[in-house]
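A quick write-up on the structure given underneath.
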Amino acid sequence: MNKEFKLKEGLKLGVATASCQIEGGENNSNWNDWYAKGMIKDGSNPARANQHYELFRQDIDLMAKLNIQCYRMSIEWARLEPQRGKYDESVFEHYREEIDYLQSKGIEVLLTLHHFSNPMWFENLGGFLNPDSPVIFEGFVRKVVAELGEKVDRYVTVNEPNVYATSAYYFGEFPPGKKSVKDTVKVMTNLVACHIRAYKAIHEMRKGNTLVGYASHIRVFEPENPKSLLDRIGCRLMRQMFQGGIDFTSMTGKRVFPLKRRKEFKKGKYYDFIGINYYSRSMVHRFDERAKQDAAHNDMGWELYPKGIRQVVEEYYSKFNAPVYITENGTADSKDAFRAQFIYDHLKELNESNVPVERYYHWTFIDNFEWMDGEKERFGLVELDYDTQERKPRQSALMYSEVIVKHGFDKDIIDKYLDKK
Ligand code: BGC
């Protein structure tokens, strides 16, 4: 079988990160607090992470060396607004420098406004459970766009509202560690309102070519036993509860189950691209889900299921009809044993579909603070030694870099990185 292929024109390849996972620093965020409460499995501290706040030039130099074309980064709300309404102008200056430096290397920026971390003052007001949270968040967004809007023309408003809401309010794994369906739905509802408000505010402030979307974590859900009615019902329900409802309402403003009513929900179109974070598939047994058992898995036990990326991209494109950005796709692989193949398989699936996929941001550039899993899980193209802060590109990074230059996989790349035996 001929394994070579050329990527489509119009697709740019890049990497994604999140500020709280790489920057380091004691920022009085809910994740600094979660660490202090002993909630990180391996005891590691987000204040260490990658020291990217200081070392950003070094990291960007490395991105440029790896030929990265586009970069999805986030900004840290807790640093920018350490007390309610009191902004730290030096932090805006820092991000301006960072964005300038990226652009000086020809790297396009996609800016995420919220990626799982909150300032403690906001968390203490109830975070996104607070019915006023969309208004508070809009205030922050307006300030950011006033400060950085000249330099940025692509935004992700909220990262994975579904993962945030379920991890923090249903599974109890993210701060504040609640376990309540009612609260989960409230938080989902408020996050959709945040997105809609941010979408409108950015367009109101930045006329012209600014593009705005959000990044949804979209999984493939399948009944474990397709013959079982309960598994089929469970599967539909879970898909709707986790992603179907929140995505439909975020994109169209039309409220559907399980979301609650809010005044922001008015019929409209609230996306300029469809942002998809794709990782894996869930098999549903009644009202529980788990990874498929007889399959290949990553270090965290997530099934490796490349076909799923095409499935979700095609499903969402047919529903919402806009260019697709793969805002995240990657895997935990500490030995770098299957990451190169993972990238090949997922890009191949995307390539075989007719959907216009314009961006692919690999998750992630460098090993980082993996939320409650701490420093153990390794998603990076670049390996990090946390003690020395030394960065070392893995083989998969070298492959990715060559794929970017050649805009595809030729025989040379395949022989070198994929068919090594
Ligand atoms: C999140 C990232 C996270 C990754 C791997 C995504 O859900 O957006 O922040 O590191 O998954 O777990």
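The values are calculated or read from the model by the stated rules, or taken from the named source; none is laboratory data. Note that the structure is a prediction, hence the values are computed from the model and not measured. Counting neighbours? That spans all protein chains shown, and the Cβs are built from the backbone with ideal geometry, glycine included.
Number of residues in the stretch 324-341 that are away from the ligand (no atom under 15 Å from the Cβ) and either within 30 Å of residue 175 (Cα to Cα) or over 16 Å from the mean Cα position of the chain (by Cα) (or both) equals 6. Of note, residue 276 satisfies the criterion of being part of a strand (DSSP E or B) and touching a strand residue (DSSP E or B) at 6+ places or on another chain (Cβ under 8 Å).
Identify all residues within the stretch 379-409 that are in a loop (DSSP other than H, G, I, E, B) and either modelled with pLDDT under 95 or under 16 Å from residue 341 (Cβ atoms) (or both); write none if there are none. Those that are in a loop (DSSP other than H, G, I, E, B) and either modelled with pLDDT under 95 or under 16 Å from residue 341 (Cβ atoms) (or both): 379, 381, 394. Close Cβ contacts (under 8 Å, 6 or more residues apart or on different chains) running from residues in the stretch 269-284 that are more than 21 Å from residue 361 (Cβ to Cβ) to residues that are among the acidic types (Asp, Glu) and away from the ligand (no atom under 11 Å from the Cβ) comprise 282/222; 282/289; 283/222; 283/224; 283/289; 284/222; 284/224; 284/231.
Within the stretch 264-284, restricting attention to residues that are away from the ligand (no atom under 16 Å from the Cβ) and among the charged types (D, E, K, R), the residue that is nearest to the chain's Cα centre (by Cα) is 272. If the condition is being among the small types (Gly, Ala, Ser) and either within 16 Å of the ligand (Cβ to nearest atom) or within 11 Å of residue 329 (Cβ to Cβ) (or both), then the stretch 342-385 contributes 374, 380. Pairs meeting the criteria (first residue in the stretch 307-325 and part of a helix (DSSP H, G or I), second residue exposed (fewer than 14 other Cβ atoms within 10 Å of the Cβ), beta carbons under 7 Å, at least 6 apart or on different chains) are 310/352. Among the residues of the stretch 214-234 satisfying the criterion of being among the polar types (S, T, N, Q) and more than 27 Å from the chain's Cα centre (by Cα), which is farthest from residue 310 (Cα to Cα)? Applying the filter and picking the extreme gives 228.
A count restricted to the stretch 164-196 and to residues that are within 26 Å of residue 374 (Cα to Cα), polar (S, T, N, Q) and either within 17 Å of the chain's Cα centre (by Cα) or assigned to a helix (DSSP H, G or I) (or both) stands at 3. Condition check for residue 310 on (1) within 11 Å of the ligand (Cβ to nearest atom); (2) under 15 Å from residue 218 (Cα atoms); (3) among the charged types (D, E, K, R): one failure, at (1).
Against the conditions (1) surrounded by 17 or more Cβ atoms within 10 Å (Cβ to Cβ); (2) on the phi < 0 side of the Ramachandran plot, residue 371 satisfies every one except (2). Of all residues in the stretch 209-220, those that are in contact (Cβ under 8 Å) with a residue 24 or more places away in the chain and among the aromatic types (Phe, Trp, Tyr) have Cβ atoms under 6 Å from Cβ atoms of residues that are in a strand (DSSP E or B) and crowded, with 23+ Cβ neighbours inside 10 Å, 6 or more apart or on another chain, in 214/156; 214/157; 214/158; 214/275. Counting the residues of the stretch 1-34 that are farther than 30 Å from residue 45 by Cβ and either among the hydroxyl-bearing types (Ser, Thr, Tyr) or in a loop (DSSP other than H, G, I, E, B) (or both) gives 9. Here the condition is being crowded, with 23+ Cβ neighbours inside 10 Å and touching a strand residue (DSSP E or B) at 6+ places or on another chain (Cβ under 6 Å); of 155, 169, it holds for 155 alone.
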